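The numbers here are math on the coordinates, done by the rules we state, and not lab data. Because the structure is a prediction, the values reported are computed rather than measured. Cβ atoms come from the backbone with ideal geometry, glycine included; neighbour counts cover every protein chain shown.
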Amino acid sequence: METKLVWMAFAIGIVSFAIALYKYSWIKKQDPGGETLQSIGQFISDGAMAFMKREYKVMFFVVLAVVVLLSVFKEGHDKVIAVSFITGAVLSGLAGLIGMKAATKANMRTAHGAKEGIVRALHIAFTGGSVMGLTVVGLALSGLALLTIIYTKVFGISDLDFIVEIISGYSLGASSVALFARVGGGIFTKAADVGADLVGKVEAGIPEDDPRNPATIADNVGDNVGDVAGLGSDLCESYIASIIGSMVLGAELVHDYRFVVLPIAIGAIGVLCSIIGTLFVKTKEDGNPQVALNLGTMGASGLMLVLVYPFLKMYVPSGLAIPDSDVVYSVNGIFFAIISGLIGGILIGIITEYYTADNRKPVKMIAQQSMTGPATNIIAGIQVGMMATGLPVIILIFAIMGAYHFAGLYGIAIAALGMLGTTGIQLAVDAYGPIADNAGGAC
């Protein structure tokens, strides 16, 4: 049964990636607007690709060096970890690149679609974001499942500790790319954003994203390479790490192959729920896009809980006691651990939205303080930033305590997986932001 579940996860990952490619092809068929709009979009696309080519060239040599080191210093079958490493690096980089390409295609089409109304603009922008989300989880899950199948069935490896050891290289490879993509892209986007504001709003006294400011192009390029490609690679690594972390603890603590495969199966259910959740993101002309985005995210999370419980009832042995430990694993224990992570993630999202929404008190307070100068603006911003981290930390503490109470250390890992289970649609919403931002700047 475990092998069938891994194959199922591989199939769901491929389906997710195929849907992402279909959405990407749909975006390219949409009207990109007039000549001026297309020209701006081409500048942004060219700048983003120039940055990505340079960044990936550096990453190539770093990844190659690590692969050589792993091949030299590892002995026997341990050398296989190099295969896991390079697979994780390639898929993480590919996910970020595809997501960025979709974003640069979607931004100008969103700007043109906005002329027809909010429904059309939201549909194009979120479709562009969902390419990023479904590509990341699709490639990450299918790659992990395929490596598991190859190592257990092709190479015939049966030692659980050895399996998770060589598969952990998959997460390390994704992390190496995420380090460059997230940090490099993040520095670029913030430097370009601040530079554009300084030369435009401060020196020239013109509005933000004004077409007379050539730095606006760099600002929009930064949104794509940092907030789309960088974020995609970063969450790809986090998603992979949450699954592999649970697999490692399943092997080390439970010593049962079912608990090694369980995180992959839960990840597959989350991907399926993310795909379905994208269908809920709809609004009316007088509607609120944020409500539509929240509906899709909440719908995917709720659906995941509905589907996970019967699967656990069928798969997890009830009352499994671990030798030399007080932990007894049960269906309800693991399920409540997943709930702890899922609810924790939702609450952190709600709190983040409160502290960053332009119609909420914190942002309005910062705007009000800005009227008296940059000093009070900075003080107010730092104050709100510090306050915004308090509740999320408390929520994480309670989520960890709850997960540990229900299923021990393995429960904490499963809670992290529950928090990231619907990464597909969460990342789609995240990538929607830069696309809509670029569209607004182009207009």
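Helices meeting the span-like rule in the chain (full DSSP H runs, Cα extent of at least 15 Å along the helix axis, mean Kyte-Doolittle score of 0.0 or higher): 2-29, 35-73, 81-113, 118-149, 160-197, 231-249, 257-277, 289-315, 331-356, 374-420, 423-442. If you add up the charges near D430, with Lys and Arg at +1 and Asp and Glu at -1, over every other residue whose beta carbon is less than 13 angstrom from its beta carbon, what do you get? The answer is -4. Could you list log10 I(q)/I(0) for the range 257-372 at q = 0.15, 0.17, 0.18 Å⁻¹, which the Debye formula gives when each Cα is one point scatterer? Per q value, in the given order, log10 I(q)/I(0) is -0.80, -0.92, -0.98. Net charge dipole, the range 1-140: roughly 240 debye, given to the nearest 20, about the Cα centre with Cβ charges of +1 for Lys and Arg and -1 for Asp and Glu.
Compute the semi-axes of the equivalent ellipsoid of the chain, taking the square root of 5 times each eigenvalue of the Cα gyration tensor, and list them largest first in whole Å.
Rounded to whole Å, the semi-axes are 39, 25, 21.
Extending 7 Å from Cα along the Cβ direction at I378 and again at R258 yields two label points whose distance is 6.0 nm. In terms of overall dimensions, the range 343-384 has a Cα radius of gyration and Dmax of 12.1, 40 angstrom.
How long are the semi-axes of the equivalent ellipsoid of the range 138-273, defined as square roots of 5 times the Cα gyration tensor eigenvalues? Whole Å, largest first.
Numbers: eigenvalues 395, 31, 24 Å².
Value: 44, 12, 11 Å, ordered largest first.
Listing L249, L146, L91, L198 from fewest to most neighbouring C-beta atoms within 10 Å gives L198, L146, L249, L91.
Divide by every residue of the chain the summed helix terms, -39500 (n - 2.57) for each DSSP H run of at least 4, and state the resulting mean residue ellipticity at 222 nm, rounded to the nearest 500 deg cm²/dmol.
Working: 13 runs with 350 residues, N = 443.
Rounded to the nearest 500, it is -28000 deg cm²/dmol.
Based on the Cβ-Cβ distance from E203 to L279, what FRET efficiency comes out when R0 is 45 Å, to the nearest 0.05? List each step's numbers first, then the result.
On the way: r = 47 Å, r/R0 = 1.04.
The calculated FRET efficiency here is 0.45.
With the charge dipole of the chain set up from +1 on Lys and Arg Cβ and -1 on Asp and Glu Cβ about the Cα centre, the Cα lying farthest toward the positive end among the listed residues I394, G117, Y329 is that of G117.
Cross-link check: pairs K29/K101; K29/K53; K28/K190 evaluated at a Cα-Cα cut-off of 18 Å; pairs beyond the cut-off: K29/K53; K28/K190. Under 18 Å of direct C-alpha separation, and excluding same-chain neighbours fewer than eight residues apart, K361 reaches these aspartates and glutamates: E353. Here the calculated FRET efficiency for V183 and D286, from their Cβ-Cβ distance with R0 = 41 Å, stands at 0.50, rounded to the nearest 0.05.
Give me the tail of P(r) for the range 336-443 as a percent: Cα-Cα pairs with distance above 18 Å. Percentage above 18 Å: 62.
With a Förster radius of 41 Å applied to the beta-carbon distance between F43 and N332, the computed FRET efficiency rounds to 0.15.
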